[in-house]
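*Asks:* Pasting a structure here, questions to come.
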Amino acid sequence: MTAQSATTSTPTLSWPRTVAVGLIAAIIPSLFMVPMFKLGLSPMPAPPSLEFAEMVLGRTLPMPVGLLFHLLYVMLWTIVYVLFLKPGSVKAALGLAGLLWVGVLFVFFPLFGWGLAGTSVSVKLIPASFIPHLLFGLALWGSSRWLMPKD
């Protein structure tokens, strides 16, 4: 299936391909971030997805729950990218990744008590949160080009 229907200009959604793009876009940054946390190399006090899950559910949770929240979050944004942006467009993928990174810095980090852009913890949170968002954008772009080729 293509991002555009052959008979109309309305975008169509191929669920298997969209899920595959979302899985790739979620796994690539996780391959970088999970070891950073496990080795104690991340300047963040906790994985943001786990911190968010604990905030929402109001209790301490194991890392797999945080990864599940991360996967669901990435799937949501993958659907937005496929339906409303241009799948296969590096500008759209990196633009979305940049927008989500700004949201982390100015919405989620303050909600977690880490301060604006995480500066109550360390200014290192700014680049530490940029890298996985860059990886997300590149994975979103690359996987959508690979799995959603244009006719």
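*Asks:* Is one or more of the residues making up the stretch 117-126 in contact (Cβ under 8 Å) with a residue 12 or more places away in the chain, within 30 Å of Leu57 (Cα to Cα), within 11 Å of the chain's Cα centre (by Cα) and surrounded by 18 or more Cβ atoms within 10 Å (Cβ to Cβ)?
*Replies:* no
*Asks:* Please verify whether the stretch 30-48 includes one or more residues that are part of a helix (DSSP H, G or I), on the phi > 0 side of the Ramachandran plot and either of a type in the set (Ser, Thr, Tyr) or surrounded by fewer than 20 Cβ atoms within 10 Å (Cβ to Cβ) (or both). Quick ask: steps written out before the conclusion?
*Replies:* Kept after step one, since they are part of a helix (DSSP H, G or I), are these residues of the stretch 30-48: 30-38, 48.
Still in the list and also on the phi > 0 side of the Ramachandran plot: none.
Within the stretch 30-48, not a single residue is part of a helix (DSSP H, G or I), on the phi > 0 side of the Ramachandran plot and either of a type in the set (Ser, Thr, Tyr) or surrounded by fewer than 20 Cβ atoms within 10 Å (Cβ to Cβ) (or both).
*Asks:* Could you tell me which of the residues Gly88, Gly95, Gly113, Gly118 is closer than 30 Å to Ser14 by Cβ, modelled with pLDDT of 95 or more and not hydrophobic (A, V, I, L, M, F, W, C)? Spell out the reasoning first.
*Replies:* Working: Gly88 fails: modelled with pLDDT of 95 or more; Gly113 fails: closer than 30 Å to Ser14 by Cβ; Gly118 fails: closer than 30 Å to Ser14 by Cβ.
Selected residue: Gly95, the only one of Gly88, Gly95, Gly113, Gly118 that is closer than 30 Å to Ser14 by Cβ, modelled with pLDDT of 95 or more and not hydrophobic (A, V, I, L, M, F, W, C).
*Asks:* Looking at the structure I just gave you, is Ala93 in contact (Cβ under 8 Å) with a residue 24 or more places away in the chain and either among the hydrophobic types (A, V, I, L, M, F, W, C) or closer than 15 Å to Ala25 by Cα (or both)?
*Replies:* On the way: in contact (Cβ under 8 Å) with a residue 24 or more places away in the chain: yes; either among the hydrophobic types (A, V, I, L, M, F, W, C) or closer than 15 Å to Ala25 by Cα (or both): yes.
Considered against the rule, which asks whether it is in contact (Cβ under 8 Å) with a residue 24 or more places away in the chain and either among the hydrophobic types (A, V, I, L, M, F, W, C) or closer than 15 Å to Ala25 by Cα (or both), Ala93 comes out as yes.
The values are calculated or read from the model by the stated rules, or taken from the named source; none is laboratory data. Quantities reported herein were computed from a predicted structural model and do not represent experimental measurements. We place every Cβ from the backbone using ideal geometry, glycine too, and count neighbours over all the protein chains shown.
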